[in-house]
Amino acid sequence: MFKRVPGTKDILPEEAPLWLKLEETSRAIFSLYNFKEIRPPMLEEESLFNRSLGESAEIVQKQMFVIKNKEDVYALRPEGTASIVRAYLENNLDKTAGFSKLYYIGPMFRLERPQKGRLRQFHHIGCEAIGSQDADLDVEVISLADYLLKAYEISGYNIKINTLGCPKDKSELNSVLHKALKDKLPKLCDDCKDRFKKNTLRILDCKNESCKEIIKDLRIGDSHICPECKEHFAKVRGGLDALGVSYEVVPLLVRGLDYYNGTVFEITHPDLGSQDAIGAGGRYNHLVKELGGPEFGAIGFAFGVERLLLVAKPQSSSSGQKPVYLITLGEEAKKAGLKILSQLRQAGIPCDTDYEGKSLKGAMRKANDLGAKYVLILGDNEIKSGTVTLKNMENSEQKEVMLADITKELKC
Ligand code: HAM
């Protein structure tokens, strides 16, 4: 017996309607905000992620699924943003469409130690708005995340926001942190000792409990943020207040990827334990340029679908019409049955039949299990008279119907 790869999941037929519901809700709401769908490939050049997320990012250092083929080195995408910006530029959308609002739904891959809410193949529902530095766009994107969560019927989540400022502010923050952590260096984990040298900011993402304790006590204020970035952030907060979006400012929220600057946010849910982020995002104003495009501002976010489903428990809308179940008795009827099924399907009536040679009783039980409202019974007598027996499973009424009239009868 083969087993699935650790950290992957089979989405079984009983769960699939929940996924579909989440996806449909997302598509409907993205389109209310005029976001358009984009579907980049799952495989990209590895260097795209090294360049975008940063060599010192945990994802790049430890979590990439890399595929080497002769001189080509590819990676299964660990996230969507870098791919979307690559696709945006490669397809000249910067020139033809300019400012673009794009959304995506699909699998991402990270070589992590699997645990509840942490998988090696997981799914993002995400969006990217590329081509503007307007603070109102930050407000729209964060309020869109809030709207989506409400539409998924999730409550009790916390939106945490912060600003990293411009690259100069960010490097200033790095120095402030460097100073603040210097004395505490011996108490940090080995990874953080390394981060201290290479990219001190990354220490703030450390999951090690003793490092987290040290970080919790840091007070760094906002003196490293320049006046323009402070003003941008004040506008974002004012916009969110005006729309009634609840949020908390968390000064040490920095996010684990290098491309971020300006507004960053994370949405957590208290029911999730240690992997409590259901979604996250922020501005990445310099990534478009970094990947060879113009100096375009951009902002986006992504939800982790598996984590949404851990807190959402949406009711599946046991989709659509109940099927009609056809029971045939004998070879002749079986042959004629295929034609009837084809006619019903062409008329848009969902239907099914038995392929396992069940007895009449067994087939009736199967129809019941499938939730069929009607059963059609076709035997030698019916074939001779050009009829079919129609049984209503809800009231057990039964009648003969001319074969030619069956579609009409079932449509009423
Ligand atoms: P991220 O924080 O790495 O951001 O991932 C976004 C969300 O994906 C997380 O908040 C979490 O819900 C989910 N997630 C991440 N890793 C896993 C995992 N191993 N198993 C299950 N769920 C996971 C990004 O990926 C950015 N690209 C978001 C973004 C878009 N920023 C700007 N635009």
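Residues in the stretch 47-84 that are open to solvent by 50 Å² or more (accessible area, probe 1.4 Å) and in a helix (DSSP H, G or I): S47, R51, E58, Q61, K62. Taken as a whole, the condition of being away from the ligand (no atom under 12 Å from the Cβ), over 25 Å from the mean Cα position of the chain (by Cα) and assigned by TED's automatic domain parsing to the domain that holds K62 does not apply to L201. Of all residues in the stretch 245-255, exactly one satisfies the criterion of being within 13 Å of the ligand (Cβ to nearest atom) and either at pLDDT 95 or above or closer than 22 Å to Y103 by Cβ (or both), namely R255.
Considering the stretch 273-286, and only residues there that are within 11 Å of the ligand (Cβ to nearest atom) and open to solvent by 10 Å² or more (accessible area, probe 1.4 Å), the residue that is nearest to L164 (Cα to Cα) turns out to be A280. Kindly provide the set of residues from the stretch 1-22 that are open to solvent by 50 Å² or more (accessible area, probe 1.4 Å) and within 13 Å of the chain's Cα centre (by Cα), ordered by number. The answer is L20, K21. For the stretch 170-225, filtered to residues that are touching a residue at least 40 places away in the same chain (Cβ under 8 Å) and among the β-branched types (V, I, T), the residue that is most open to solvent (accessible area, probe 1.4 Å) is V176.
At pLDDT 95 or above and either more than 16 Å from the ligand (Cβ to nearest atom) or within 20 Å of the chain's Cα centre (by Cα) (or both): is that true of P270 in this structure? It would help to see each step written out before you state the result.
Numbers: at pLDDT 95 or above: yes; either more than 16 Å from the ligand (Cβ to nearest atom) or within 20 Å of the chain's Cα centre (by Cα) (or both): yes.
Yes; evaluated as a whole, the condition is true for this residue.
The values are calculated or read from the model by the stated rules, or taken from the named source; none is laboratory data. Source: prediction; values computed, not measured. In this analysis, Cβ positions are derived from the backbone assuming ideal geometry, glycine residues included, and neighbour counts consider all displayed protein chains. Quick note on the areas: whole protein, heavy atoms, side chains included, nothing else; ligands and nucleic acids left out. Shrake-Rupley method; radii C 1.70, N 1.55, O 1.52, S 1.80 Å.
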